[in-house]
Every structure is written in structure tokens, then in C-alpha cells.
Amino acid sequence: MTLSPPPIILASSSRYRRQLLDQLGLKYDWAAPDIDESPLPTETPDALAIRLAKEKAVALQEQFPRHLLIASDQVAVNSGRMMGKSGSRERAIEQLTSCSGNSVEFLTSLCVLNTLSGREHISLSRYRVQFRALTANQIENYIDRDQPFDCAGSFKVEGLGAALFLSHEGEDPSSLIGLPLISLCTALLDEGIDPLVR
């Protein structure tokens, strides 16, 4: 007898991650994990991104003991400094001003946890963005129009944010928005879920 794949839970309240997961046409529910996202002392950006994705999944495993939990996190690195969500207009202006003319790396982690079997799939996608040299007027107009206060690096690549860049390169374009779909599909296939076959 073939066992049915476990129900999918997206461990996130992010509408951007839900929109990305919707692209795969899978049935899922979502729940918001409650964790402290502060970096630990001397923690590297890679380690922070991976730890937070794992903690998001683990935070929900008791609530969903027979499920496939999908968790992700993103850290932006600009000139060696980590950037998170701005949370305010003033901080968003500061972040984009610091990004102007610079190359910024976005690290997007993925943890897929099967809470029934205990199997865990961990990956980290890297994406590099070269920002244009931006004027203060351009930055303020962009922020007022897109209001990217809940995005790492203070931009929405799927919106007007594309106008901020000279170029970008990486493994998986969806990782820049916040959920690496290519890595996710690999993990789903390992768990017996094929988005291409219903």
C-alpha cells in the first residue's frame, strides 16, 4: 500500500512566500511560527539564515505532528553587514542609501521538515544584486510607492524594485523574493510530492 504524502504547512505568515508557493499549485495551509529572529553573537549570515529556517519549522512541529513543514528565511549582506526588514520608512531609506551603487548578496534558506518521519531537507540559495547609483529622490519615491518595509533590503523585486538594479545573478530567481522554489521542488520530490503530477 502506498502512503499518501503528508499535508503541507507553510511555516510563514508572509504573503510573498504564499504567492510563490501558490505557483506550484499545491494544496497547503499556513501558520506563523513565533521565534526570535535576532542574530547570535558572531553568527555568520549563512548560519543565521539556516538557523532561522530550522527554528521556524521546529516551532510548529508539535502543532503539526504528521505534516510537511516548509520554512524559509532571508538575510541580505551589504559590504559585510547583515540587513533585515526595515520596518519603517526612515530605516528603509537608510538601507537603500547604503545599497546604492553596491553589490548586495541575498541568502535565502529553506528547511523542509517531515514531522512524521523526522526527515529534514536544508538548503541555502545565493543571489547577488547590483544596485544602480540612486539619488535621494529616487530612493524616497521608490519607498513611498512600493512601501517595502517587510522585505529584507527594503525592495520588492516583483514590483517597482526591478528599477533599482543594474543586474542580478543567482541560482534561483524565486529565492530573491523569499522562497527558493527550485530547492523546494527537489525536497518535495524526495518526499513523494511532484508538483508536475496530480
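Tabulated data
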| quantity | calculated |
| --- | --- |
| Residue in the range 86-125 that is farthest from the chain's Cα centre (by Cα), counting only those that are more than 23 Å from Cys151 (Cβ to Cβ) and not hydrophobic (A, V, I, L, M, F, W, C) | Ser117 |
| Of all residues in the range 64-104 being in contact with a strand residue (DSSP E or B) (Cβ under 7 Å, 6 or more places away or on another chain) and more than 30 Å from Gln138 (Cα to Cα), the one that is surrounded by the most Cβ atoms within 10 Å (Cβ to Cβ) | Ser72 |
| Enumeration of residues in the range 9-52 that are charged (D, E, K, R) and either part of a loop (DSSP other than H, G, I, E, B) or surrounded by 13 or more Cβ atoms within 10 Å (Cβ to Cβ) (or both) | Arg17, Arg18, Lys27, Asp34, Asp36, Glu37, Glu43, Asp46, Arg51 |
| Members of the range 141-198 found to be farther than 20 Å from Ser123 by Cβ and in contact with an Asp or Glu (Cβ under 9 Å, 6 or more places away or on another chain), listed by number | Ser154, Phe155, Lys156, Gly159, Leu160, Gly161 |
| Matching residues in the range 41-74 - criterion: being within 14 Å of the chain's Cα centre (by Cα) and among the aliphatic types (A, V, I, L, M) | Leu48, Ala49, Ile50, Leu52, Ala53, Ala57, Ile70, Ala71 |
| Residue in the range 109-125 that is touching a residue at least 40 places away in the same chain (Cβ under 8 Å), over 28 Å from Ile9 (Cβ atoms) and either touching a Ser or Thr at 6+ places or on another chain (Cβ under 8 Å) or hydrophobic (A, V, I, L, M, F, W, C) (or both) present | no |
| Complete set of residues in the range 140-198 that are part of a loop (DSSP other than H, G, I, E, B), touching a helix residue (DSSP H, G or I) at 6+ places or on another chain (Cβ under 7 Å) and either buried (at least 18 other Cβ atoms within 10 Å of the Cβ) or among the aromatic types (Phe, Trp, Tyr) (or both) | Pro148, Phe149, Gly153, Ser154, Phe155, Lys156, Val157, Asp172, Gly178, Leu179, Pro180 |
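Just so you know, all these numbers are worked out from the coordinates, no wet-lab data involved. Remember, it's a predicted structure, so these values are computed and weren't measured experimentally. Here the Cβ is made from the backbone with ideal geometry for all residues, glycine too, and neighbour counts use every protein chain on show.
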